[in-house]
Amino acid sequence: MKILAIAPYPGLKELLLSLGQNQPFELVVETGDLNAGLHYAKEAENNGTDIIISRGGTAELIQEQVSIPVIEVEVSGYDMLRVITLIKDFPGKAAIVGFAAIAEGASAVCSLVDIDVKTITITEADEVQSRLKALQKNGYQVIIGDVITVRIAEELGLNGILLTSGRESVSKAFYEARKSYNIVENMKAWYGIGDVVLRNMQQDVAVLDQKGKVKYAGTDDPAFIQNIVWDYFGGMDDVFQKIESSPSYSFLYEKDSRMWLIQSQVIQEKEESFGVFFLLDIDDIQAVRGLDIQSNQHRTTGPSTVLTGRISESVEMNKMYEKAMAFAGAGRNILIEGERGTGKGRTAELIHLSSERHRSPFVTIDCEQVTENELERISSDPLEGYSLVSLAEGGTVLLKNIDALSRSGQQMVSRALQAKGNTQVISSTSCELEPLVQQSFLGSLYDQAAELKLYIPPLRERKEDIESLSSLFINESNVRYGKQISGIREESLELLKEIDWPGNVSQLYRVIEEAVLIAGESYLEMENIRQALPQKWEYPNIQVSGTLSEIETRVIKQVLEQENHNHSQTAKRLGINRTTLWRKLKQDKQEL
């Protein structure tokens with residue numbers, strides 16, 4: 001008996017694999033939602049799979065498209081109770097959005113435990129976006145639902161909490177699969193492996209006329225490029241005008257979890273125009289270390305109030321979000337400063353999603369990781385490969401850790417930005433960049449990058465956010481690892497608030513993630529947090545023996561170590577200036 005389980009989220013995959021180890025059947029588990037899941041299901045239908053197990057909307061879609069039995073992993077009342085318990089103390093208004101089976105069940109659970117959470121019943125997936133926008137308009141910030149609902153909620157800037165399936169629901173699905181096996185046995189004779197088409201051909205170039213017909217092909221499959229052009233532009237109307245708007249018009253095309261870069265030009269031959277389309281497989285581009293590309297081609301929502309949906313108890317963070325929202329519509333280059341781990345990359349992405357560029361690519365280049373050879377390659381003329389401009393045409397480039405660029409790297413990037421066209425550039429740095437100008441950083445590049453500036457405060461200056469961040473991170477870890485943690489004990493939360501978090505939000509996430517993994521109960525206990533905390537700064541213990549000068553020296557050393565020997569941050573925490581800190585370190589004969 002061969003079963004394919006399609007998990008719409010990673011945590012369900014882990015749970016299926018764990019519970020399926022001792023089952024009397026062969027189990028293959030893939031992660032995919034909707035069309036990706038349908039792709040796996042159709043492949044399984046042709047390779048001898050007997051039964052498919054999936055969940056929610058993915059299961060319903062697969063049932064309509066394949067003939068082999070599909071068993072659904074339910075969301076039980078216990079699963080609903082666990083998630084509702086997790087968010088009961090969460091700040092902000094919450095709502096449950098889903099089909100009748102979820103909405104009605106959740107409503108019953110809320111009534112049973114006397115928790116006031118609004119429930120919205122939908123009949124079609126197309127309703128989700130309009131319902132969520134209405135909830136957002138009415139001040140709702142937390143949305144509970146299935147994978148589709150949570151994905152659209154997060155695109156709108158709401159906080160999505162996924163209703164995950166627990167061990168009981170997976171075990172029941174396995175039981176139903178065994179019951180259905182006798183039906184599969186009678187049908188197996190009708191299913192063959194089918195023809196396997198290997199799309200391993202080199203797809204280089206195709207020339208199309210203004211009607212979209214292939215006039216020349218330098219590839220074995222010109223229809224492939226033809227279909228991409230037709231699908232991306234929605235036909236051939238005005239395609240040539242759009243291409244001619246740029247010396248080398250480029251766009252990213254994504255389908256079935258694969259991505260291609262298409263570069264195009266219009267040429268004239270005997271008073272007739274032709275479009276030349278060059279195809280590059282994104283696998284080659286993604287091999288560049290430190291480069292990450294999101295096409296955003298299939299985003300279904302518009303530029304919404306993503307940033308205004310952020311939850312923060314900090315006045316300074318809310319001011320930062322308001323400023324970022326204003327910057328999103330300005331179309332200027334932005335420099336984001338803040339310590340490591342404060343969320344500069346996520347803020348840059350939110351600015352992109354809040355702008356009219358939201359359906360265009362978001363390309364991240366980590367200047368700490370990319371080599372100079374690769375940097376020169378992606379800063380080059382697009383006709384010779386690909387460039388910053390071609391990869392993010394009409395979208396946004398994030399230059400992460402821009403301060404890490406060498407002098408020659410800065411010059412390459414500065415030249416590339418001079419020809420950026422309709423591409424917005426957001427840069428991030430963990431240090432204050434302006435003082436480095438003329439010393440180690442190119443003044444012209446600073447002027448290009450810092451047309452507008454944002455500063456994200458460290459977590460130690462906004463500890464009031466630790467509770468809500470912890471709840472979000474618990475939910476993310478539950479989804480990723482198939483855990484069912486319902487919350488965090490008050491004493492555990494107080495311990496987290498006592499820490500200065502030199503690694504900021506990223507470090508808090510890692511601690512919560514590890515605590516969730518090792519937790520054996522429904523709540524994160526004090527011991528779970530203690531085990532997850534780095535030992536070197538979990539419990540600061542300053543010895544008060546000795547002279548006042550010796551005690552002072554121990555304090556300075558400890559803070560210096562916690563700040564990774566960053567003198568500016570150390571002086572700021574100690575309430576002294578850098579000159580005083582340098583003098584005290586010199587007096588103690590400490591090396592920098």
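The values are calculated or read from the model by the stated rules, or taken from the named source; none is laboratory data. Because the structure is predicted, anything quoted here is derived from the model rather than measured. All Cβ positions, even for glycine, are placed from backbone atoms using ideal geometry, and neighbour counts span all protein chains on display. SASA here: full protein model, heavy atoms, side chains in, ligands and nucleic acids out. Shrake-Rupley method; radii C 1.70, N 1.55, O 1.52, S 1.80 Å.
Among the residues of segment 117-124, is any under 25 Å from the mean Cα position of the chain (by Cα) and more than 30 Å from Ile3 (Cβ to Cβ)?
Looking through segment 117-124, none of the residues is under 25 Å from the mean Cα position of the chain (by Cα) and more than 30 Å from Ile3 (Cβ to Cβ).
Does segment 214-237 include one or more residues that are basic (Lys, Arg), farther than 26 Å from Ile293 by Cα and assigned by the TED database to the domain that holds Gln263?
Taking every residue of segment 214-237 in turn, at least one turns out to be basic (Lys, Arg), farther than 26 Å from Ile293 by Cα and assigned by the TED database to the domain that holds Gln263.
May I ask you to verify whether Ile529 is surrounded by 15 or more Cβ atoms within 10 Å (Cβ to Cβ) and modelled with pLDDT of 70 or more? Please lay out each step first, then the result.
Working: surrounded by 15 or more Cβ atoms within 10 Å (Cβ to Cβ): yes; modelled with pLDDT of 70 or more: yes.
Criteria met by Ile529.
Taking the residues in segment 6-35 that are over 24 Å from the mean Cα position of the chain (by Cα) and of a type in the set (Gly, Ala, Ser) as candidates, determine which candidate is surrounded by the fewest Cβ atoms within 10 Å (Cβ to Cβ).
Ser18
Determine, yes or no, whether Glu498 is open to solvent by 10 Å² or more (accessible area, probe 1.4 Å) and modelled with pLDDT under 90.
In short, yes.
Yes or no: segment 128-142 includes at least one residue that is within 17 Å of Thr164 (Cα to Cα), of a type in the set (D, E, K, R) and open to solvent by 70 Å² or more (accessible area, probe 1.4 Å).
No, segment 128-142 contains no residue that is within 17 Å of Thr164 (Cα to Cα), of a type in the set (D, E, K, R) and open to solvent by 70 Å² or more (accessible area, probe 1.4 Å).
It is to be established whether one or more residues within segment 448-470 are open to solvent by 10 Å² or more (accessible area, probe 1.4 Å), free of Cβ contacts under 8 Å to residues at least 12 places away in the same chain and not aliphatic (A, V, I, L, M).
The answer is no; no qualifying residue exists.
Any residue at all in segment 116-126 that's of a type outside the set (Ser, Thr, Tyr), under 19 Å from Asn475 (Cα atoms) and in a strand (DSSP E or B)? First the steps, then the outcome.
Narrowing segment 116-126 to residues of a type outside the set (Ser, Thr, Tyr): 116-118, 120, 122, 124-126.
Subset that is under 19 Å from Asn475 (Cα atoms): 117.
Still in the running and in a strand (DSSP E or B): none.
Within segment 116-126, none of the residues are of a type outside the set (Ser, Thr, Tyr), under 19 Å from Asn475 (Cα atoms) and in a strand (DSSP E or B).
If you check Ile485 against the conditions, is it closer than 30 Å to Glu168 by Cβ, touching a residue at least 40 places away in the same chain (Cβ under 8 Å) and hydrophobic (A, V, I, L, M, F, W, C)?
Details: closer than 30 Å to Glu168 by Cβ: yes; touching a residue at least 40 places away in the same chain (Cβ under 8 Å): yes; hydrophobic (A, V, I, L, M, F, W, C): yes.
Considered against the rule, which asks whether it is closer than 30 Å to Glu168 by Cβ, touching a residue at least 40 places away in the same chain (Cβ under 8 Å) and hydrophobic (A, V, I, L, M, F, W, C), Ile485 comes out as yes.
Could you grab me the full set of residues in segment 137-154 that are closer than 13 Å to Val83 by Cβ and either over 19 Å from the mean Cα position of the chain (by Cα) or of a type in the set (Asp, Glu) (or both)?
The one that is closer than 13 Å to Val83 by Cβ and either over 19 Å from the mean Cα position of the chain (by Cα) or of a type in the set (Asp, Glu) (or both): Asp146.
Across segment 412-432, what is the number of residues that are in a helix (DSSP H, G or I) and closer than 15 Å to Val370 by Cβ?
Selection size over segment 412-432: 3.
Looking at segment 56-99, which of its residues are assigned to a loop (DSSP other than H, G, I, E, B), in contact with a Ser or Thr (Cβ under 6 Å, 6 or more places away or on another chain) and open to solvent by less than 20 Å² (accessible area, probe 1.4 Å)?
Selection gives Val73 alone.
Return yes or no: is Ile122 in contact with a Phe, Trp or Tyr (Cβ under 9 Å, 6 or more places away or on another chain), surrounded by fewer than 23 Cβ atoms within 10 Å (Cβ to Cβ) and either without any contact (Cβ under 8 Å) to a residue 40 or more places away in the chain or of a type outside the set (Gly, Ala, Ser) (or both)?
So Ile122 fits the description; yes.
Search segment 260-277 for residues being aromatic (Phe, Trp, Tyr) and under 15 Å from Gly212 (Cα atoms), and hand back the single one that is surrounded by the most Cβ atoms within 10 Å (Cβ to Cβ).
Per the stated criteria, the residue is Phe277.
List the pairs whose first member sits in segment 564-577 and is closer than 12 Å to Ser430 by Cα and part of a helix (DSSP H, G or I), whose second member is open to solvent by less than 90 Å² (accessible area, probe 1.4 Å) and of a type outside the set (Lys, Arg), and whose Cβ atoms are under 7 Å apart, counting only residues at least 6 apart or on separate chains?
Once the first residue is closer than 12 Å to Ser430 by Cα and part of a helix (DSSP H, G or I) and sits in segment 564-577, its partners that are open to solvent by less than 90 Å² (accessible area, probe 1.4 Å) and of a type outside the set (Lys, Arg) give Gln569/Glu563.
So Leu38 fits all but one of (1) open to solvent by 60 Å² or more (accessible area, probe 1.4 Å); (2) part of a helix (DSSP H, G or I); what number is the exception?
(1)
Please specify each residue of segment 169-222 satisfying the condition of being surrounded by 15 or more Cβ atoms within 10 Å (Cβ to Cβ) and at pLDDT below 70.
Val184, Tyr191, Gln203, Asp204
Could you go through segment 425-443 and let me know if any residue there is touching a strand residue (DSSP E or B) at 6+ places or on another chain (Cβ under 8 Å), open to solvent by 50 Å² or more (accessible area, probe 1.4 Å) and at pLDDT 90 or above.
no
Identify all residues within segment 346-376 that are free of Cβ contacts under 8 Å to residues at least 60 places away in the same chain and either buried (at least 16 other Cβ atoms within 10 Å of the Cβ) or farther than 13 Å from Tyr321 by Cα (or both); write none if there are none. Step through it out loud before you land on a result.
Step one: list which residues in segment 346-376 are free of Cβ contacts under 8 Å to residues at least 60 places away in the same chain, which gives 346, 349, 356, 372-373, 375-376.
Hits for segment 346-376 are Glu349, Glu356, Glu372, Asn373, Leu375, Glu376.
Given segment 276-366, what helices (runs of 4 or more DSSP H) lie entirely inside it while holding 1 or more residues that are within 28 Å of Ser444 (Cα to Cα) and at pLDDT 75 or above?
315-328, 344-353
In segment 502-526, which residues are part of a loop (DSSP other than H, G, I, E, B) and either touching a residue at least 60 places away in the same chain (Cβ under 8 Å) or open to solvent by 80 Å² or more (accessible area, probe 1.4 Å) (or both)?
Result: Pro502, Gly503, Glu521, Ser522.
So how many residues does segment 213-229 have that are over 36 Å from the mean Cα position of the chain (by Cα) and either under 12 Å from Phe240 (Cα atoms) or in a strand (DSSP E or B) (or both)? Before you say what the answer is, go through the steps one by one.
First pass over segment 213-229, keeping only residues over 36 Å from the mean Cα position of the chain (by Cα): 213-218.
Subset that is either under 12 Å from Phe240 (Cα atoms) or in a strand (DSSP E or B) (or both): 214-217.
Looking only at that region, the number is 4.
Return the total of residues in segment 41-55 being of a type in the set (S, T, N, Q) and not in a loop (DSSP other than H, G, I, E, B).
Summing the residues that are of a type in the set (S, T, N, Q) and not in a loop (DSSP other than H, G, I, E, B) in segment 41-55 gives 2.
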